[in-house]
Structures are given as C-alpha cells and as structure tokens.
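Just so it is clear, none of the values below were taken in a lab; they were calculated from the coordinates. Predicted, not measured: the structure shown is a model, and the values here were computed from it. With ideal geometry, Cβ positions are generated from the backbone for all residues, glycine too; neighbour counts draw on all protein chains shown.
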Amino acid sequence: MDPIVANLDFLIGGYATTLKLSAGAMALALAIGVLVASVRVWGGRIGSAAGGAYVEFFRNTPLLVQLFFYAVLFAPANLGLSRDPVVVALVGLSVYTGAYVTEVIRSGILSVDQRQSEAARSLGLSQVQTLRRVVLPQAFRTVIPPLGNLSIALVKNTAVASAIGALELLQAGSIVSSRTFRLEPLAGVVVAYLSITIPLAILTGHLERRLRFAR
Amino acid sequence: MRRLIAGLGALALALGACTAGPGASSPAASGAGGGASFAAESTMAKIQQKGKLVCGVKFDVIAFGFKNPTNNEVEGFDADLCREIAQKMGVQPEFVETVSKNRIPFLQEDKVDIVISTMTINEERKKEIDFSHEYYHAGQSILTKSDNTAIQSVDDLNGTTVCTVEGSTSEKNISEQAPDAELLLFPSYSEAAQALVDGRCESVSTDDSILFGLASQFEGTELRGEPFTDEPLGIGIKKGKDDLVQFVNGVLEEMAGNGRWKALYEKHIKPYSGKEAPEPPFKAAG
C-alpha cells in the first residue's frame, strides 16, 4: 500500500481527470447523438446518408487510431487547435461515443409507433409538440438501458487517452508503478475504475427495472 | 487441478534429471562453438545451453540501440556490447526491444538475460536489479526546436511543456529540477521527439547521448545548454546472477584494455557527439 499512500495526491489527480473526461465526453456524446439521430430520422435522404456515414466511419475505426490522429492533427504544427492531450481525448471520445449514442437514440425514436405521431398530429399538435410530448418521452424509456451500457464503456475507454500522454487514472498509476517498481498502484487503478463503473451499472439496472413497470 | 500440478512436477523432475545427467553438463557439448567453458550450474552455462544471449535493447535510439529499417539489423553501442558479450560466451545474440518502462520487469520475468538499454544506474533500481560497471557516462540535456531561443537551460523549462519517456530517470529529474514544467510522457523517445516537431511540447529532455541521435533524425532541432545531471549507464542483470555480473564486467574490462570500447565509441557515438572518445568510465583489465 505504501506506494499508493505516498503518491495519493498524484493518483487522485488522475482519478479526477478520468471523472471529468468521462462526464464531459458523455455529455458531448449525448448532444451529438440526439442531433445526428434526429438528422438521420427526419433529415430526408441526404441527412440520413450523412448521419449514416458519420456513424459507420467512427464506429468502425479503432479509438486508439482516432486519438493518435487527432493528437497530431490538432497540434500547433498542423491545425493548432489544442495540444493538451486531455482536450484531444475529450473531443476524440465524444465523437467516437457519439456514433454509438446516435444509433441507440435512433432505434429509440423508431421504436415509437408511427401511428402515434399521426394520431398526435391529427389531434392538432404541432410537429415540435408531437416530438416533445409524445415521441421523445417514450423513446427516452427505451434508450436508458443501452445508454447506461455506453457510459460504462466510455469510462473504460478513457484509459486509451493515456496513449497520447493524457495524465488520467491509468497514466498516473502507470507512472507511480514504474517509479516504485510495484504492482500495487496498478491494482489500485483497477479498483478505482470499478468505483466508477459499478455504481453506473447499479444505476442502469435500477432504471431498467423501474422503466419496465412503467410500460 | 491437483493431477495437473503433479504432472507438471514430474515433468520438472524429469527435465532436471536430463540436464543434470552425465555428459549433458559439459558446456562444450552445447554445440554453440567457441566461447569459454563454465561451471555446469552457472548462469553462463545455462545461456550456452539455450545457445543464445537475449539482450533487451532500445530499437529507436540512434547510436545506442536502433533497428535499421533498411536491413532489420539492430545497430549501435548497446547492440554491439551485446554482440561482444555473446561472442565471449560462444552464443548468438538475440535482440528484444525494451522501452524504459519495461526494462526492469523484463529482467525480473526472465524475458531477457541482460538489459543494455541506455539505463541509468541509481539507488532505487539497485534495489530491484543488479548492474554491471558503468559502461558509458551520460548527462541529461535539452533538445528543442532551433528557432526556439527562450529555452537555454533547465530553469527555462518551468512554465513550458516537456516531452520525455515514462519510467525514465529523465521524467523524475524534470519534476525535481523544473517543478513548474508540464510533463507529456510517451512510451518511446521517437514519439517524444515527434511530439516536439508537432509543437505539442517545447522540448524533449533526456540523456544527451539519446538527444544527439534525435537531433540528427529530426530536422530543425538542436541540443541546448550543458548537461544538468549525471547519468551513469549500466547493464542490468536480474538479482541472484552474481556470476553473470562478474562475467559481463570481465568483458567490459577486457574491452577497455584492448581498445574495443574506444573503437565502439568512435564507430557509433562520435559521428553524433562530435567528440573524441573519452577514457572508459571503468578500469581496464590487468
């Protein structure tokens, strides 16, 4: 335990970065997912094709490759957007996870029977009202469990950011481990990831049970 | 499960009986050809039985350990030291890539016999592994872009981002000598230097011996200031192999005596450092 105790501040710094990266990327991925899913469903032929291209491109290339690419692309010598590896990872994880969120939300929207929208429109609700009052509340219930799974996957994927030098949980543990030649810091890292993902899993399971009754 | 363990035990016994059997213990019978003969249970005899000396070296550090992409040969001072030691044992050298972070684990897990990988001898590492004599004296320095005039010494690194390698003494030295510098860590030096060129950090800081090679590989970069640390490089050996440490030291002393050490310096390091070969940091034999 000594190597963990002696470097506790450093490790907690990494833990905080992982938490921020996870929360930030999930929020951005949700925004991207809702937007692109809407375009895919209601955007006509061109919107549907563009949204589909986004999903297939980012879902079918390795996350690590994407992060390596952005790290160089965003560097001052190229686009000059940012050289902070945490910012690069935030963008990369958001865009990557956004592709999965898009598909989840799209399937949620499609799970609501077309006739419900038709009925709502014939009752005099506007298109926006139909979406807000009828379609989205039902779609929301369908997508909560898969979104929970995606958020757990996202937390685990933040570890990939260590490869571009982001000082997150794995990188912090790995540095302490190589400085002290001990395995305990890495064991601590495993426990720290579980301390994020297990509560998420419990929350997802809880919501899943509640929503099953609400149907 | 119990049966499996018993089976493995029997297998280990049988193997032990084989290697300890009459006739099999003679190292000259290993067929590797040449080389000295060693006591049957010595580490060197075991290496001779394998027929190869597995050396952990860097594959991306010019002048020390560099895998030449045109002919797939591992070249450099460290690589030739491995060849020299293997030759003295009468076995073939085999090269395994080690980066700073995995050097000590690779020794402890017996993935390599020795590590010759620009490794600094220090007290913390001595608790984990044994070292040979110091075979090269390096010092930490700074590599930056030629057009960056703001960085002249280690103090100037404060407030900038410094690229270096995980699990290296360089990383530790920077956090001590330039505590306000931001560190961006990579597994290998080539990645760190690429990050410098891309502008993701203002400098790469590590041993001058490594930076010489990087400066020649990456255009528009140069070394700045005098070395600000002492980095005695040593050959790493797993603890409990005192006979191998003595053997390796013997080879180094012989190389100092017959001029091989200086010849290797002139071949690999002089073209980059531009300096004449110094005296070897260890004593010659005799």
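For segment B:142-286, rounded, prolate or oblate, judged on the Cα gyration tensor with a ≥ b ≥ c (square roots of eigenvalues), a/c < 1.5 rounded, else prolate if a/b > b/c?
Prolate, because a/c is 1.5 or more and a/b exceeds b/c.
Please quote Rg/Rh for segment B:57-101 to two decimal places, taking the Kirkwood radius as Rh and restricting both calculations to Cα atoms.
With Rh from the inverse mean 1/r over Cα pairs, Rg/Rh is 0.98.
Just in segment B:44-127: which chymotrypsin sites (Phe, Trp or Tyr not before Pro) are loop by DSSP and have at most 12 other Cβ atoms within 10 Å?
In loop regions of segment B:44-127 (DSSP not H, G, I, E or B), there are no sparsely surrounded chymotrypsin sites (Phe, Trp or Tyr not before Pro).
Would you please calculate the Kirkwood hydrodynamic radius of chain B over all C-alpha pairs and express it in Å, rounded to one decimal?
Kirkwood hydrodynamic radius for chain B: 20.3 Å.
Which of the GluC sites (Glu not before Pro) found in segment B:240-286 are in a DSSP loop and have at most 15 neighbouring Cβ atoms, other than their own, within 10 Å?
B:276
Need one number: nm distance between label points at residue B:109 and residue A:20, each 7 Å from Cα along Cα→Cβ, rounded to one decimal.
That separation, rounded to one decimal, is 3.3 nm.
Do you know the relative contact order of chain B, to the nearest whole percent, from alpha carbon pairs under 8 angstrom that are 6+ apart?
For chain B, the relative contact order is 21 percent.
Shielding of A:176-182 by partners, i.e. mean partner chain Cβ atoms within 10 Å per residue?
Per residue, the number of nearby Cβ atoms from other chains is 5 on average.
Under a 5 Å amide H to amide H cut-off, with H placed in plane at 1.01 Å, what residues pair with residue B:138 once short-range neighbours are removed?
Close amide H contacts, sequence-distant or interchain: B:231, B:233.
Along segment B:227-235, what does the Karplus equation 6.51 cos²θ - 1.76 cosθ + 1.60 (θ = phi - 60°) give for ³J(HN,Hα), rounded to whole Hz, x for Gly and Pro?
For segment B:227-235, the Karplus curve yields x, 10, 9, 9, 10, x, 8, x, 8 Hz.
Between residue B:176 and residue A:2, take the C-beta separation as r, use R0 = 30 Å, and let me know the FRET efficiency to the nearest 0.05.
Efficiency, rounded to the nearest 0.05: 0.90.
Note the direction-averaged projected area, equal to a quarter of the hull surface, for the Cα convex hull of the protein assembly as shown, in nm².
32.2 nm²
Over 25 Å between C-alpha atoms is what I'm after, so list which of B:67/B:241; B:67/B:101; B:58/B:111 land there.
Among B:67/B:241; B:67/B:101; B:58/B:111, the Cα-Cα distance tops 25 Å for B:67/B:241.
Based only on other Cβ atoms within 10 Å, what is the fewest-to-most ordering of B:137, A:206, B:268?
The order, fewest Cβ neighbours first, is A:206, B:137, B:268.
Report the net charge of residues surrounding residue A:48, where surrounding means a beta-carbon distance below 12 angstrom and charges are Lys +1, Arg +1, Asp -1, Glu -1.
Result for the neighbourhood of residue A:48: +3.
Is segment B:140-224 best put as rounded, prolate or oblate by its Cα gyration tensor, with a ≥ b ≥ c the root eigenvalues, rounded for a/c under 1.5, and otherwise prolate when a/b is larger than b/c, oblate when not?
rounded
Just to check I understand the Karplus step: with θ = phi - 60° and J = 6.51 cos²θ - 1.76 cosθ + 1.60, what whole-Hz values come out for segment A:177-187, glycine and proline as x?
So the Karplus estimates, Gly and Pro as x, are 4, 6, 6, 9, 6, 10, 8, 3, x, 6, 4 Hz.
Segment A:72-145: Rg/Rh from Cα coordinates, Kirkwood Rh?
In segment A:72-145, Rg relative to Rh is 1.28.
Calculate the spin-label point distance for residue A:156 paired with residue A:187, positioning each point 7 Å from the Cα along the beta-carbon direction, and give it in nanometres.
2.2 nm
Under the Karplus relation 6.51 cos²θ - 1.76 cosθ + 1.60, θ = phi - 60°, what is the ordered set of whole-Hz ³J(HN,Hα) values for segment B:200-205, x standing for Gly and Pro?
With coefficients 6.51, -1.76 and 1.60, one gets 7, 8, 8, 7, 10, 10 Hz.
Please give the length that would be gained between residue A:210 and residue A:125 if that part of the chain were fully extended, namely 0.36 nm times their separation in residues minus their C-alpha to C-alpha distance (nm, one decimal).
27.7 nm
Just going by the charge dipole of chain A, with Lys and Arg at +1 and Asp and Glu at -1 on Cβ, which of A:116, A:54, A:71 is farthest out on the positive end?
Result: A:116.
Can you show me the helix-derived [θ] at 222 nm for the protein assembly as shown, built from DSSP H runs with n ≥ 4 at -39,500 (n - 2.57) apiece and divided by the number of residues, rounded to the nearest 500.
-17000 deg cm²/dmol
Taking the 0 to 90 degree range and rounding to the nearest ten, how far is the long axis of helix A:136-157 tilted relative to the main principal axis of chain A, both from C-alpha atoms?
Tilt relative to chain A: about 20 degrees.
With the Cα gyration tensor of segment A:2-214 in hand, give its eigenvalues times 5 under a square root as the equivalent ellipsoid semi-axes, listed largest first in whole angstrom.
38, 22, 11
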